[in-house]
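First comes the structure, then the notes that go with it.
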Amino acid sequence: MRNFLIMLVFSLGVTTQLQAGSDATPLSLVPKPNHLEQLPGEFHLSEKVQIVCSDENLKQEADYLQAALSEAAGFNVAVADVAPATGAIILKLDEGIAGEEAYSIRSSEDKYEISGKSSAGVFYGIQTFLQLIPVSAKGNIALPLVKIDDEPRFEWRGMHLDVCRHFYSVDVVKKLINQMSRYKLNTFHWHLTEDQGWRIEIKKYPKLTEIGAWRDETVVGHMADYPHRFDGEKHGGFYTQEQVKDVVAYAAARHVTIVPEIEMPGHAQAALAAYPWLGCFDDTLKVWPLWGVSENVYCAGKESTFEFLQDVLDEVIPLFPGTYFHVGGDECPKENWEKCPLCQKRMKEEGCKDEHELQSWFIQRMEHYLATKGKKLIGWDEILEGGLAENAAVMSWRGEKGGIEAAELGHKVVMTPGNWCYFDHYQSIDSNEPTAIGGLTDLAEVYSYDPVPAHLPKDKQKLIMGAQANLWTEYIPTSEQLEYMIYPRLCALSEVQWTEPANKDFADFELRMDENYLRLARNDIHFRVPPPEGLSPVQIYEGKEATITLSCAAATAEIRYTTDGSEPTEFSALYAGPFKLKLDGDLTLKATSFLGDGTKSYTVKSVLKTANLKPVKLKNPEKGLNYKFYDAAFRSFRDVGGEAIKTGTVDWLVIPAEIMGKLKGWAFDGYISVPTDGSYYFQLNSSCGSGLYIGDELVIDNDGLNYDCTTSGRVELKAGYYPVKVKYFNTVYGQSIKLSYKRPGSDKLEVFPGEKYFRE
Ligand code: ACM
Ligand code: ZN
């Protein structure tokens, strides 16, 4: 659906580098290799081919390739010690290759040779080779010839999974690890303990899983939905140590290291529910049924806390052969420590001037313990507060600031900043997206991330070990939804982690993703199929005709649409370019993307209307808007009203600082001045729901209960003043409202300028 220049570059008439083009799509390799040449000729992959591997150290890789070929190509090939004259896929170790995880591929019509310095390198070469096989191929398959010398940009190519907010079975975890390895990720961060559930068997403390692994019920809907309601259903589960060993071995066979996370000192309510003496006040607690951050944390004053944690570590450490051990360290409320005599005594004894330093002392103590077991500590960036433990590595999640600070102090860093790396954020503003915690991190945003801050001094840049995406599962109750949140964002992430910035290009990535979408589908992954783009839920036209322009991020997808309210099918009208629709009253346009194998996106819906919106004349316009403030617990912007407890004016659409509040409502009214005639795209973002009226027309219906409601609307306007009303309600701690727009003909989203709001 996108146009690209056809670029065929011939180098000395021998090497053809195929670039994006209508008849020359790039090889669908993700992450993109760093040095790749496509050569003329073909290698024929058939059941006559043999995998040749004489090195015992590569037996696992040979077996893996054999199984993968049987899945991808539909036939079994033999593994041999000696190469046949033709039709060999040779796996070998090569000391001459520089990087630990580097590999090279050399190919001719007779053989494909995959070499690595290590078995990991050979494994990555195999992944590249497998991606050369078209998804639809069966039988005798012609593979392109390539010359590849490739190695990862970063050593830490991570993906995190929270199995505590919702529990996921061993099979789901293995499926993720398998998929990670196909995209050359090498680190799985397994978040095993939380307020809402303890998920790993500890033989010395059986109640951790007898009690701590189960919660009686779970909050329904978004946390912003007050009053909280609960589902009344028991939820939980845990992994036995035998299961953990099995998962670790499964990951190791795919060159994935598992970093376990045992959270401390916060996010510990499930452990305290099992053993109340772990807390400051021995309170009887439940495994927490709410989301958020519990204030019930481990007591830092009692020696028994440390005996417990060391015992736990003693059982967990031997299960995980990797170097790093994650101790959490994030979001530890200090209220209990402030009140606890033992915590206060500890602070005095250890010379801590505040509770942050007590937390720092806590983490340092654990770091020393881990060091005696040969492990390095890694923690969330809060471990910087109050002083960073001597050899600790930092995982920077509250932006990049913590990572930069840690690197400047000479510590190793993994970058996981929320804006780019939190896969619990929304993937678009379409109302079809499943309820998420908030935030928007779309595919392009993930792809754009560079984990090395440019202003970090060169000698510190090498302390950035890599990047990782985090997936918190408060709002993800099923494995289908889990996969929807992970894919295709993981594919974009893989290129952030593997590919040098000079070799990255989002448009080219999107083209390479086309085949990968089919690959994901074949692997039974419930990924997010790129939906049609270009429609807003409400589109208002001046006249009786609408011109519709659609696009889809999947280049070869077909967009099918209907105008009678029915769900588009593979037989509905095919979008072949911009088209016109006659409007006699409201018309419902629905559009769906279909991939080559019939896999389809959700259906995007737009109500097209004609309205007689006319600019108005103002006698004495003054800058700003009027507002009314209501003191009630609204659940929809439509209900905002009644008796205002405060009225006033604001300079633009903004919540006046002095009247902020949870469970409140606001109504704004005035005029916007529209600079030129044309079709305007507006976007309203708020916590929680809001609505934008222009004249009497509801242009944006942004109702919802979360931290980050965003919806758009389109409207044709003439230059001049238009009456506007915005209604908004809030049930959460932070309050915000923002109106953005795109000028006619522009794709740039800008904040609607403050100087264009008026009142009279
Ligand atoms: C985090 O997201 N609390 C690390
Ligand atoms: Zn205490």
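Testing L409 on (1) free of Cβ contacts under 8 Å to residues at least 60 places away in the same chain; (2) open to solvent by less than 60 Å² (accessible area, probe 1.4 Å), one condition comes back false. Which one is that?
All conditions are met except number (2).
Can you work out which of the residues in the stretch 277-322 that are of a type in the set (A, V, I, L, M) and outside any loop (DSSP other than H, G, I, E, B) is nearest to ligand 2 (Cβ to nearest atom)? Break it down stepwise before answering.
First, the residues of the stretch 277-322 that are of a type in the set (A, V, I, L, M): 278, 285, 287, 290, 293, 297, 300, 309, 312-313, 316-317, 319.
Those still in the list that are outside any loop (DSSP other than H, G, I, E, B) too: 278, 309, 312-313, 316-317, 319.
On the way: L278: 10, L309: 14, V312: 18, L313: 20, V316: 24, I317: 26, L319: 29 Å.
The qualifying residue nearest to ligand 2 (Cβ to nearest atom) is L278.
Residues that are open to solvent by 10 Å² or more (accessible area, probe 1.4 Å) and at pLDDT 95 or above: which strands (runs of 3 or more DSSP E) entirely in the stretch 667-758 hold 2 or more of them?
Numbers: elements: 678-687, 690-694, 697-702, 709-717, 720-730, 736-742.
Ranges flagged: 678-687, 697-702, 709-717, 720-730, 736-742.
Search the stretch 259-284 for residues being open to solvent by 10 Å² or more (accessible area, probe 1.4 Å) and hydrophobic (A, V, I, L, M, F, W, C), and hand back the single one that is farthest from ligand 1 (Cβ to nearest atom).
Here the answer is W277.
Return a yes/no flag: does the stretch 130-138 have any residue that is at pLDDT 95 or above and assigned to a helix (DSSP H, G or I).
Within the stretch 130-138 (the criterion being at pLDDT 95 or above and assigned to a helix (DSSP H, G or I)), the answer is yes, since at least one residue qualifies.
Just the residues that are open to solvent by 10 Å² or more (accessible area, probe 1.4 Å), of a type outside the set (D, E) and farther than 17 Å from S428 by Cβ, please, taken from the stretch 474-517. Show your work before the answer.
Narrowing the stretch 474-517 to residues open to solvent by 10 Å² or more (accessible area, probe 1.4 Å): 474-475, 477-481, 483-484, 500-508, 510-511, 514-515.
Restricting the remaining residues to those that are of a type outside the set (D, E) gives 475, 477-479, 481, 484, 501-504, 506-507, 511.
Across the stretch 474-517, the qualifying residues are P477, T478, S479, P501, A502, N503, K504, A507, L511.
Out of the residues in the stretch 544-583 meeting the condition of being among the acidic types (D, E) and in a strand (DSSP E or B), tell me which one is nearest to N612 (Cα to Cα). If you could, list the steps in order and put the result at the bottom.
If we filter the stretch 544-583 for residues that are among the acidic types (D, E), which is where we start, we get 545, 558, 564, 567, 570.
With in a strand (DSSP E or B) added as a condition, the list becomes 545, 558.
On the way: E545: 13, E558: 35 Å.
Checked the stretch 544-583; the qualifying residue nearest to N612 (Cα to Cα) is E545.
For F325, indicate whether it is of a type in the set (F, W, Y), open to solvent by less than 10 Å² (accessible area, probe 1.4 Å) and part of a helix (DSSP H, G or I).
Working: of a type in the set (F, W, Y): yes; open to solvent by less than 10 Å² (accessible area, probe 1.4 Å): yes; part of a helix (DSSP H, G or I): no.
It is false that F325 is of a type in the set (F, W, Y), open to solvent by less than 10 Å² (accessible area, probe 1.4 Å) and part of a helix (DSSP H, G or I).
Are any of the residues in the stretch 38-53 free of Cβ contacts under 8 Å to residues at least 12 places away in the same chain and charged (D, E, K, R)? It would help to see each step written out before you state the result.
Kept after step one, since they are free of Cβ contacts under 8 Å to residues at least 12 places away in the same chain, are these residues of the stretch 38-53: none.
For the stretch 38-53, residues free of Cβ contacts under 8 Å to residues at least 12 places away in the same chain and charged (D, E, K, R): absent.
Does at least one position in the stretch 439-446 carry a residue that is within 27 Å of E533 (Cα to Cα) and within 16 Å of ligand 1 (Cβ to nearest atom)? Break it down stepwise before answering.
We begin by selecting, within the stretch 439-446, every residue within 27 Å of E533 (Cα to Cα); these are 439-446.
Restricting the remaining residues to those that are within 16 Å of ligand 1 (Cβ to nearest atom) gives 439, 441.
Taking every residue of the stretch 439-446 in turn, at least one turns out to be within 27 Å of E533 (Cα to Cα) and within 16 Å of ligand 1 (Cβ to nearest atom).
Look through L358, L388, L370 and report the one residue that is within 16 Å of ligand 2 (Cβ to nearest atom) and crowded, with 21+ Cβ neighbours inside 10 Å. Reasoning before the result, please.
On the way: L388 fails: within 16 Å of ligand 2 (Cβ to nearest atom); L370 fails: within 16 Å of ligand 2 (Cβ to nearest atom).
None of the other options fit; the residue is L358.
Say whether the condition of being within 16 Å of ligand 1 (Cβ to nearest atom) and touching a residue at least 60 places away in the same chain (Cβ under 8 Å) is met by at least one residue in the stretch 304-318. Before you say what the answer is, go through the steps one by one.
First pass over the stretch 304-318, keeping only residues within 16 Å of ligand 1 (Cβ to nearest atom): none.
So far as the stretch 304-318 goes, no, none of its residues is within 16 Å of ligand 1 (Cβ to nearest atom) and touching a residue at least 60 places away in the same chain (Cβ under 8 Å).
The values are calculated or read from the model by the stated rules, or taken from the named source; none is laboratory data. Note that the structure is a prediction, hence the values are computed from the model and not measured. In this analysis, Cβ positions are derived from the backbone assuming ideal geometry, glycine residues included, and neighbour counts consider all displayed protein chains. These area figures cover heavy atoms from the full protein model, side chains too; ligands, DNA and RNA do not enter into them. Shrake-Rupley method; radii C 1.70, N 1.55, O 1.52, S 1.80 Å.
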